[in-house]
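Data block below; observations after.
Readers should treat all values here as calculations from the given coordinates under stated rules, not as data from a laboratory. For clarity, every value in this text was computed on a predicted model and none was experimentally measured. Don't worry about glycine lacking a Cβ; one is built from the backbone with ideal geometry, like all the others, and counts go over all protein chains shown.
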Ligand code: IPE
Ligand code: IPE
Ligand code: MG
């Protein structure tokens with residue numbers, strides 16, 4: 001299995017274009033409310049923004065795009081809205097996979113899928129298999145995903161991998177069991193819709209991500225709004241714990257933190 005630099009164990013190399021962008025697509029309901037439309041119209045419109053966002057990523061050479069589509073807490077919404085969201089997900093998968101495949105997009109879905117209808121689960125698996133050979137862009141949809149669920153399932157699987165071992169676990173033991181172990185940590189996190197919170201998204205993986213919040217509602221998050229987020233990212237100084245002076249002194253060798261582990 002491929003492994004990626006952990007931002008806490010060593011200093012990752014970064015570039016002007018984020019390698020991995022993770023987005024909380026928020027504000028569909030308010031977009032619809034503003035137009036006296038049912039909330040669902042906002043979700044429907046949001047799918048078009050997803051299409052446009054994928055296109056921008058392909059054009060900019062962003063390698064990983066992760067979209068929060070349904071949180072583990074979104075089941076608390078009215079049953080009718082949950083039902084419509086599931087139908088929309090199913091329909092979007094059916095319609096888009098062919099085009100994603102043609103464009104070299106590898107589709108992955110992360111989250112506790114066991115709660116979904118068998119038809120949706122099967123379609124997810126089939127879509128993943130169909131696009132598995134692609135590598136131009138890895139598009140991850142987080143569905144029934146929760147950051148706490150992810151950490152817990154990873155810990156559980158890590159412990160099961162070596163039941164005899166009682167102590168001395170470290171980060172690199174856990175990392176392979178996280179739902180997104182196939183991707184580097186997000187460089188840029190974007191949340192549309194004006195709220196400034198993480199809402200149980202990628203809690204572990206966002207440790208050193210640059211955070212960008214915008215008032216723009218998801219259905220209106222167009223290429224220009226995305227470019228504004230990318231421009232903000234370019235201005236950031238990613239220090240990963242070091243000082244500004246160290247950074248301007250030039251490229252220091254990445255210090256490995258592997259030897260600083262404190263065993264009990
Ligand atoms: C985000 O938009 C989509 C999902 C959570 C599925 P919302 O539906 O949360 O929109 P607002 O926040 O009510 O405007
Ligand atoms: C977060 O949006 C989840 C998704 C976008 C899928 P919410 O709209 O559910 O978040 P809260 O409830 O406002 O924190
Ligand atoms: Mg919301």
Taking the convex hull of Cα positions in the chain, its mean projected area over all directions (nm²): 15.7 nm²
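By average Cβ neighbour count within 10 Å, what is the ranking of 195-202, 40-47, 51-58 from highest down?
40-47, 51-58, 195-202
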Taking only Cα atoms, what is the 0 to 90° angle, nearest 10, from helix 223-235's long axis to the longest principal axis of the chain? 10 degrees
Taking a crude spin-label model, label points 7 Å out from Cα along the C-beta direction, the residue 73 to residue 60 distance in nm is 2.7 nm
For residue 237, project a label point 7 Å along Cα to C-beta. Then give me every residue of region 1-34 with its amide nitrogen under 17 Å of that point. 14-16
Highest mean first, what order results for 86-93, 209-216, 156-163 on Cβ atoms within 10 Å? 209-216, 86-93, 156-163
Structure-based [θ]222 nm, the chain - -39500 (n - 2.57) summed over DSSP H runs of at least 4, per residue, nearest 500: -12500 deg cm²/dmol
Exposure proxy check on 145, 182: fewest-to-most Cβ neighbours within 10 Å is 182, 145
Highest-MSF residue in the chain out of 49, 14, 192 [GNM, Cα springs under 10 Å]: 14
To test your reading of the geometry: what angle, between 0 and 90 degrees and rounded to tens, separates the Cα axis of helix 79-102 from the longest principal axis of the chain? 70 degrees
Descending packing, highest mean Cβ count within 10 Å first, for 115-121, 21-27 is 21-27, 115-121
Any idea what angle helix 147-161 forms with the longest principal axis of the chain, computed on alpha-carbon atoms, 0 to 90 degrees, nearest 10? 50 degrees
Given a Förster distance of 25 Å, the FRET efficiency implied by the Cβ-Cβ spacing of residue 245 and residue 16, rounded to the nearest 0.05, works out to 0.70
